[in-house]
Each structure stands twice: as structure tokens, then as C-alpha cells.
Amino acid sequence: MGLNNKMYGLLCVVLLSLLPSQNADAAAVISIDFGSEWMKIGIVSPGVPMEIVLNKESKRKTNAVLALRDGVRTFGEDAVTVGVRFPKNTYKYLLDLLGKSYDHPLVKAYRERYPYYDIEASDRGTPVFIHDENTKFTPEELVAQLLAKAKEFAEISHGQPITECVITVPGYFNQAERRALKDAAALAGLNVLQLINDYTAIGINYGIFRRKEINDTPWYTLFFDMGAVSTKAALVEYKTVKIKEKGYVETVPQLQVIGVGFDRTLGGFEMTLRLREHLIKAWEANGGGNVRASPRAMEKLLREAERLKIVLSANTEHYAQIENLMDDKDFKVLVTRAEFEELCSDLWARVSGVVQRAVAAASGSGGGAKLVLAGGASRTPAVHEALRKTVGHDPARSINADEAATMGAVYRAASLATGYKVAPLNVRDAVLLPIQVVFTRNVDGTDKLIKRTLFGPMNPYPQKKVITFNKHTDDFTFYVNYAELDHIPSTELNYVGTLNLSQVVLTGVRDALSKHSGENIEHKGIKAHFNMDDSGILNLVNVEFVAEKTVTEEDEDKDSTLSKIGSTISKLFSSDSETPEKAEEKGDEKPKEPEKNETKANETTTDKQNATDTETKPKPKVVVLKEPIKNEEQVLNLQPLSPEQFKTSKSKIKELNVIDKKRIERETALNNLEAFVVDAQMKVDMEEYAECGTAEQIEEIKKLCSEISEWLYEEGYEAETETYEAKLTLLKDKTNPIFYKHWEHRERPDAVAAIRSMLNSSQEFLKMAKNYTKEANSERDVFTDVEIGVLEKKIDETESWLNKSIEEQNQLKKNDDIKLTVDSIREKMSNLDREVKYLVNKMKIWRPKKPAKKESDNKTENIIETEINEAEQKEKVEDGKEKTENQDEKPEISSEQMVDTGGEKEEMPQISDGTPEHSEL
């Protein structure tokens, strides 16, 4: 059983409180678990460590559905409702379209599944929805609107703007798909701290609850996540590691993904579609007609099939029933769990395949791993049985299957955002689609194709890599592609898309080599620096030419200032200092061997130096020279949004937001006017309100309410916002005097009772205070006669004013102007309270005077003080002698001791992440 919400929240508070508390000025950050069917939002903000954001229906998850109908844009449940009647105007399962070409197999399947959508290819080759003759939407634009709605839910829930987030992404997403999701987030006004693989977020959620169990002995957990459209399994290793990120070495728990298996088309939605097909056949068997020709009827069947699937997870049979499915005919049929499992019989074998591929990818690691379930579709009994047979034990349900990824991602967001301190958990993900660099090299007059793996399967990331080209002496081009995908099932290869990622053209190579040439200069090649960031996106950081120059101290002094400045500038383009590397791997390139006579000469020189003059000749020094190489990278697969396209999409979404804002303002003004008219009509008919106004005033208000009500039901619903607001203002101007008088008459009795109670308390205090004057008690002269007189006068004045005002008010009618207002009573109470508090505070700080000292007491004190002074002087003299005697024995403090005394050692041990540097063969 998973943790309940109360325990979950408590533990999150504990975890986020392990280190110093969050900065009160820190901005809130969110996580968005954006799936094909649902989206869930987590948030962390000052004072609210981690929690799920509720939508406007106070639900913890929202349908990832967007509808646009008659200029009205709706989201979530409202959009699903619109989709039943107008499927073409409702957009769903959009995650499957991101970063794909129009002819991608999954896009083709989408068009076949939803034939009522009008989809065409855009200029970029991606699918685009034709909404109407003037409007088109790309998948990025539609996803951006859903992400913006998630952002809005969080802002409304916590009352502050949101700009930063972590978004979950299917681990199998390729480079184009990841970049497309980041573009969508940017269109939504969100800065993505990280795109985190969904199974990694689940692993974080699982690990933070078991931090005490993580030590230097690795242990493993296999997470199985079946969602709406896909299934993933990830084998995760937990252990402690040593890292150096804050300038010192520390031991922290680490999560590392070591094996992943996935199936892009195995999910709960596939089961729903098969159930719908079963219902369609049952309808047709009973002579119901061609339901496939009706998009509206097909949507009704889809919703009923989804409901039926959920019910059959807990029951052995259930009736599917739909009122007025088509042509005023109702539909009802009994479906058993056995029938459902038979419909999906071929899917259960694919469940075990995902797990087996995850275990195989770990290459023998992960023994003794426990299987833990996540994802909504994992609740299906047949899925449980298939998993049990595969792993040999019942799957564990020790996490919240729906929210584990959301909460793990928001924990990650807190660790990445500024202003928060969370208990550390180092996260290392794994590359699923290996990447290689491909280039040509001239060998014996022919061009030879060379391939070098940059990131292999299951390589950890984030990580930096370097490729060295040491055979090229002129400008050249290399390509970045996906490497061999033998580890991926053939059924999945079609979904990867084109294998070519980018082309990189290098210019200025010959000039760089010529600039750094000489007898004492050794060329180290052209180095291309790559980075696989936290989001799993590959970036070409920079390209540079590197050489080593051997100089003596004399030569170094002769170097010009300009040369030194050039070397310094070149370092700005280098990431070597950021890249922990092993020794360069040169492959089959053999190191240059010195000639025999050169070796011999060196040996002779060495002998002479050892025999005669080892100190006079300057010691050689190696200086690294770097020169940036101009590079131009061109994306070869799916083109990202250009700045112009991004600006156009942003403007389109902004226009929709403005329309929504105006619509909401108009609806709010209309609702406010309708509610106030009803409220005013009801009140003026009540005697307690009617007697607060004249007969003419009450009649005028009734007439005005009737006129506005009739106007609303006839033509008013088409009016502008300003018209509603103007009529509401007019009506309030007429009713406010009456409502105000009613409020005064209703609240006055309580206010009078309060001031009388204060007068009684003040009088009691005054009686007590008179006993604390010099005349009444010489030893307790707390108050002066003037202070007592001021309070007594204030009490008398207040009581006299109150009695007079009540008498005058009682002589007035309820519709006359108010004489004794609640505010005037409050003011009098405040003045009286100020006088009483002054005396109370004086009494708190008053202290009795000390009695006069006798002469004998003064003599005793003087003697004691003299003795203390003499003892202190003697101690100072002895202490000085001891320091003088020991001043020659002052011990030296070693660098090791400096650590204990608050100092720092010159060198700290370096921690390498094992980043290899690849070289051209």
C-alpha cells in the first residue's frame, strides 16, 4: 500500500527540512507530468514544500485535452464534454505528434484513428491541424496551450507567478521530440529547468523515501510504468557515491538508470480501442446501423469503453450502456473480464518483453531487484499476472502509481531552482539512442568513411564528450547521427525517424594549423566538444584546434604580451577545464617515434647534464595552445522552430489568451450583474431593508431591477462588458444607501455592548490605579495625579457621549441619516483603549526604589572590589611570564592540521566522472 496524502506531505516536509529552510523570497517552481491522456502538476514554494496542484474542479489530474468552439477555448473535463458533440474541434493525445514528420508511422496511425481531423504537412514537414479556413495549429502550439493552463492552475492555487518548471518526458523520446517539447514550453512562457524521463522521476520519488537505506552497497529496483499509450520498464541502481560539486568531497546517495525497455504502442489506450471495437460489433450485430460514420457516436463509444476498462479491473463483468447512441437508439451490452482479456491476449506477451529488455540492457547488473508498479494502466489484472510470471514474484505497489512521476519531478525542480535546499540525491540517467560522429578521411588517395561512437547505449548523462580529429589539415565536414540500434526491437525502429541528426562544417582549419607551427610545437588535432545535458539533448559546445608548445623559461620570458593575450582569449572558447577526461585515446594512430640520431643526441645531452651543469640549463615547459575553429551546424532531421515561426506561434497564442481574458471579463460582469439584481430584488421585499429607505427609493429600486432583468433575458446577453459594469454601478448607487443603513442598524447593538463593556473594565482599572499613587501608597507611587485625572476625564466624556448619542439615534427613523455610527463607536473605543494601555504599560515597567545603603555596607563593598583588582593584576603578571618562557617552543602547523583548525589544504582530491575523450583512428 502506498503512503496516504497526510503521511506523504509530512515526509516531504521532513525531506525538505533536512537542510536549511527555503529562502522566503524564493519563487515557486512546478513540475508537469505531461502524458498523452492526463497532465498532473506538482509545486514547491516557500512554506509549501511539495504538493499536487488542484484544477478548477479541485481534482488532482486534468485531461490533456483542448477544445475551441465558437471562439470559446476550454480545457480538461470541459473540453472532453465539448469533444463528445464536436470531435473535430477538440484536440487530444498531442504528445504523440511532437517532433514527428507528417509521414511518421505514429502520425499516420493518428490520422487513421481520428479521421475527422483535417491534418496536412507544414513547411517544416510536421503535421498541422486545419481548425478552420483562417486558423491552423501545430502540435507545439496546442501542447503549449495545455502547458500554459497547467501554469495558470499553479498560479491561481498559490497566488504567485510561475516561470520555471521540470517536465516529464517518455524516456524513448529522441532529440527532435525533446526539442519540440522544450519549444512548446517556451511558447507557454515556461523556462524548463530539465526534461526528466518519466521513469527517472518515479525513481527519485521512490528513492527520497528510502534515503536511509542507500549506502555503499548497491541495491536495485525495477520500475514498470504502463501509461495510456506506451509502456516503460527501468532498472535503477541506488548507492552512495563521492562527488565534488561544492569545492569539497562529499558522500551522497545516487540514483543511476542502468537498464531500460519500452514499447511505444503498448498502453491502456490500445486496450480501450479494442473494447470500443468489441462494442461496435455488438451494436452492429443488433442492427444498430453504421456507427463508424458518426464521429459523435464513435466518441461516445470511446468514452464508454474507457469507463468499462476501469470497471473490469475490479469486477468480473459489467454492462456497457449509452443513451441515444445514434438515431435515438440506446445501447446496452454485458461485457466480461474474460472477454476483455481475450481481446487483448497478444498484448500480455509484450508486457514481459519490456521487462526482459530492461534487464538485458543492464548487462548482468541488477540482481535481486524488486518490481514496483507505476502508471494507471498497470492496475489491469492481466498485466499483474504477466509480470508475476516474468519476475517470479508479485509486483509491489509501494508508490502512488498516478503521482509518483509528478512528485519526483517537483523534488528535482526544487533541487535545480534557486532559493531551495533539499536533501541531495545525485541523478544519473542513461542514453537509449546511441549517437555517433561520422566523417570521411583520405587514405591513400581514397575517401574512407569513419564512424566514432560518441554516446553508446546506456551511457550515463549528463556528461561531456570530446571527439579529436588529428588527421585533417584543411576545412572539413562531419556528421552527427544515431549509431547502430541493434538493441532496439525492429518494431520500434520505425518510430525513431531519420538517423541523421546534424551536419557540422568547419572552416579556418588550415589557418589555425599555420598560425601554430614550429619545431617546438606539436599538433594535438581538432577537438569537438559535445554535451548531453540534463534534458537528454545533445549540444555541440565548441570546436577548437589544440597544440602543445615546448618552451624554456627563457623562451617564455620572450613571449610577447599579444601572444599571451591571444592564448588567454582562446581559453574562453575551451571546455577542457570543465571536462574531466581520461588519457586521450588515439586508437590505431601510433605515436611518432624520434629518429635514431635524434634519440642518440638526446641521450648524449642528458649524460652531459648529469655530469656537469644540471642547474644552469632552463627546464622545458609545455604550453597548451588553443585556437577556436569556426563551425556551422545544420539540423538534418526535423527542423526546429525558426525565430520567425516561434514569434508567429507566440502571437497566435497571445491572441487566444486575449480573447479568453475578454470573454472571462464579460462573463464575470454578466454574472455579477445577474447576481446583484436577484439579491437586490430579494432584499427590498424584506421589511428590515424596506424600512431603511423611503417608499420612493424602494419603488425606484424595484423598477430598476425589473428593467435590467427584462433587458438581460431579451437582448442583454449580447452586450459588452462595459454595459454590464455600467448598469451594475447604477444599481449599486441606488441600493448602497439603504444597504448601508441596514448594516448600521444591524451592527450597532453589538458595537454599543462592546463599548459599554470597555467602559466598565476601564472604571474597574481606574479604581485600582488610584491605589497606586504617592498619596495613597508612598512605596507604590506608580501613577501621578495628572495621569489618573486624564483617564477619569476620558471615561466620563466617553460615557456621556454614548448616552447622548443613543438617545438622539433612538429619536430618528431607520431611513433617516445615521447619528450614531459604528465607526464613531470604534473611534471612541480606540481613544479610551489608548489611555488605559498607557497606564498598564507604565505599571508593567515600574520598579520600587532601592533603599539607601548604610555606611558599613559601602566599606565592605570597597574592600571586596580592592581584593578582586589585586588578584586580577597578579594573574596577568604570571601569565605574561609563562608566555615569555615558552615563546621559543612554538609548534608549526602542518597542512593536515589546518583542516582541523579551520584552514584549507592547497590540494583537494579530484573526482572524475570517467568521461572518455574519443579520437580519430
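Structural remarks
- Highest-first arrangement of 788-799, 55-66, where packing means the average Cβ count within 10 Å: 55-66, 788-799
- For Asn197, distant residues with modelled amide H under 5 Å away: Val169
- Scalar couplings 3J(HN,Hα) for the stretch 346-355, obtained by applying the Karplus form with A = 6.51, B = -1.76, C = 1.60 to θ = phi - 60°, are 6, 7, 5, 5, 5, 4, 5, x, 5, 5 Hz; x denotes Gly and Pro.
- Dipole of the stretch 405-458, positive end: most advanced residue of Val437, Met407, Phe455 [Cβ charges, Cα centre]: Met407
- Shown for Thr251, Thr390: other C-beta atoms within 10 Å of each C-beta, ranked fewest to most, produce the order Thr251, Thr390.
- Applying the criteria of a DSSP loop state and at most 15 other Cβ atoms within 10 Å to the chymotrypsin sites (Phe, Trp or Tyr not before Pro) of the stretch 765-850 yields Trp846.
- Summarising the amide proton neighbourhood of Asn542: residues at separation of 5 or more, or on other chains, whose placed amide H is nearer than 5 Å comprise His529.
- Dipole of the stretch 642-847, positive end: most advanced residue of Thr648, Asn815, Phe739 [Cβ charges, Cα centre]: Thr648
- Couplings 3J(HN,Hα) of the stretch 822-839, computed from phi: 5, 5, 5, 5, 4, 5, 5, 5, 5, 5, 5, 4, 5, 5, 5, 5, 4, 6 Hz, in residue order, whole Hz [Karplus 6.51 cos²θ - 1.76 cosθ + 1.60, θ = phi - 60°; x for Gly and Pro].
- A simple packing score, the average count of other Cβ atoms within 10 Å per residue, orders the peptides 442-451, 707-716 as 707-716, 442-451, with the highest score first.
- Per-residue ³J(HN,Hα) for the stretch 792-802, Karplus 6.51 cos²θ - 1.76 cosθ + 1.60, θ = phi - 60°, Hz, x for Gly and Pro: 4, 5, 4, 5, 5, 4, 5, 5, 5, 4, 5
- Charge dipole (debye, nearest 20) of the stretch 308-449; +1 at Cβ of Lys and Arg, -1 at Cβ of Asp and Glu: 880
- Taking His529, His487 and counting other C-beta atoms within 10 Å, the order from fewest to most: His487, His529
- Entries in Lys136/Lys630; Lys59/Lys727; Lys61/Lys465; Lys242/Lys370; Lys40/Lys650; Lys703/Lys741 that, when Cα-Cα distance is taken, lie over 32 Å: Lys136/Lys630; Lys59/Lys727; Lys61/Lys465
- Taking only the C-alpha atoms of the stretch 251-396, the Rg (one decimal) and the largest Cα-Cα distance, Dmax (whole number), read 19.3, 70 Å.
- Footprinting exposure proxy for Ser757, Ser535 (fewest neighbouring C-beta atoms within 10 Å first): Ser757, Ser535
- Sorting the segments 737-744, 378-385, 508-515 by their residues' average number of neighbouring beta-carbon atoms within 10 angstrom, most packed first, yields 378-385, 737-744, 508-515.
- The Cα-based radius of gyration of the stretch 642-847, divided by its Kirkwood radius, gives an Rg/Rh of 1.28.
- Angstrom value of the Kirkwood radius, inverse mean 1/r, which spans all Cα pairs in the stretch 45-195: 16.4
- Centroid-to-centroid separation of the stretch 405-431 and the stretch 184-257 [C-alpha atoms, Å]: 8
Where a number appears in this text, it was derived from the coordinates with a stated rule and is not lab data. Given the structure is predicted, the values throughout are model-derived calculations rather than measurements. Note that each Cβ is placed from the backbone with ideal geometry, even for glycine, and that neighbours are counted across all protein chains shown.
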